[in-house]
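The values are calculated or read from the model by the stated rules, or taken from the named source; none is laboratory data. The structure displayed is predicted, hence computed values, not measured ones. All Cβ positions, even for glycine, are placed from backbone atoms using ideal geometry, and neighbour counts span all protein chains on display.
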Amino acid sequence: MSLTRATPDSRLVTVLVDKIDGVIQYTPKRFGDDRGYFTETYNRRTSAELGIDADFVQDNESLSAQPGTVRGLHFQVAPSAQGKLIRCTRGALIDVAVDIRHSSATFGDHVAVRLDPASGTQLWIPPGFAHGFCTLEPDTMISYKVSGGFYDPACDRALLWCDPALGIDWPIAPDRATVSDKDREAPSLQALGDTSQFFG
């Protein structure tokens, strides 16, 4: 289900209402003319109206040279749990969020969204989710704002991206993906155990 919503400053955004509570997919309106277009990729007031009331502490960016590069599924635990507001600024990717809130009715379910510069679509992933993506084109760049905690190696965790129990339809087979050793050796959802301890 999608809808167009007017925010307080009259800038319209298209919002996709997803099946998993807390995850928000939306596309900021672009104002175009013969020069090109203008858009607000982030506006605190607009975001709060959409339900993204986050205190962002860090902006991250990564470049993946090869199509079929998988990064994830990553998350941080309390006291440095993070939310992420994600967009793709070059190339294209499939972005995935897995609900790992043990008390959630959608525990283990996921959202998978194509992100690319042409659409301008963004994805908000709150704390309590594991996040990852697979690139579809060469030299794909992802940019995201981080809320909650700064990067904290002591709180850094991973979930096996190709765990069959997750049922994610990745665009590449595990034996063909470009993946780090850390992500290749990450535990399955079952091996994570009771994740309620992770988020306080």
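Just one residue in the set Ala97, Ala78 is of a type in the set (A, V, I, L, M, F, W, C), part of a loop (DSSP other than H, G, I, E, B) and in contact (Cβ under 8 Å) with a residue 40 or more places away in the chain; that residue is Ala78. In the set (1) within 24 Å of Leu63 (Cα to Cα); (2) modelled with pLDDT of 95 or more; (3) surrounded by fewer than 17 Cβ atoms within 10 Å (Cβ to Cβ), the condition left unmet by Pro187 is number (1). Suppose the filter is part of a strand (DSSP E or B) and either out of contact with any Pro (no Cβ under 7 Å at 6 or more places or on another chain) or free of Cβ contacts under 8 Å to residues at least 12 places away in the same chain (or both); does Phe107 pass it? In short, no.
From the list Gly120, Gly83, Gly132, which one is at positive phi and either out of contact with any helix residue (DSSP H, G or I) (no Cβ under 6 Å at 6 or more places or on another chain) or aromatic (Phe, Trp, Tyr) (or both)? Working first, answer last.
Working: Gly83 fails: at positive phi; Gly132 fails: at positive phi.
Every option except Gly120 fails the conditions.
To keep it simple, each residue is scored yes or no on (1) more than 20 Å from Leu192 (Cα to Cα); (2) surrounded by fewer than 21 Cβ atoms within 10 Å (Cβ to Cβ).
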position	(1), (2)
Thr41	yes, yes
Ala65	yes, yes
Gly72	no, no
Leu85	yes, no
Thr89	yes, yes
Asp109	no, yes
Ala112	yes, yes
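Does segment 10-26 contain any residue that is modelled with pLDDT of 90 or more, part of a strand (DSSP E or B) and surrounded by fewer than 18 Cβ atoms within 10 Å (Cβ to Cβ)? The answer is no; no qualifying residue exists.
This table checks each residue for (1) touching a strand residue (DSSP E or B) at 6+ places or on another chain (Cβ under 7 Å); (2) of a type in the set (D, E, K, R).
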site: Ala118; (1), (2): no, no
site: Gly149; (1), (2): yes, no
site: Asp156; (1), (2): yes, yes
site: Cys162; (1), (2): no, no
site: Ala165; (1), (2): no, no
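The strands (runs of 3 or more DSSP E) located wholly in segment 125-186 that include 3 or more residues which are under 24 Å from Phe107 (Cβ atoms) and in contact with a Lys or Arg (Cβ under 8 Å, 6 or more places away or on another chain) occupy 129-135, 140-148.
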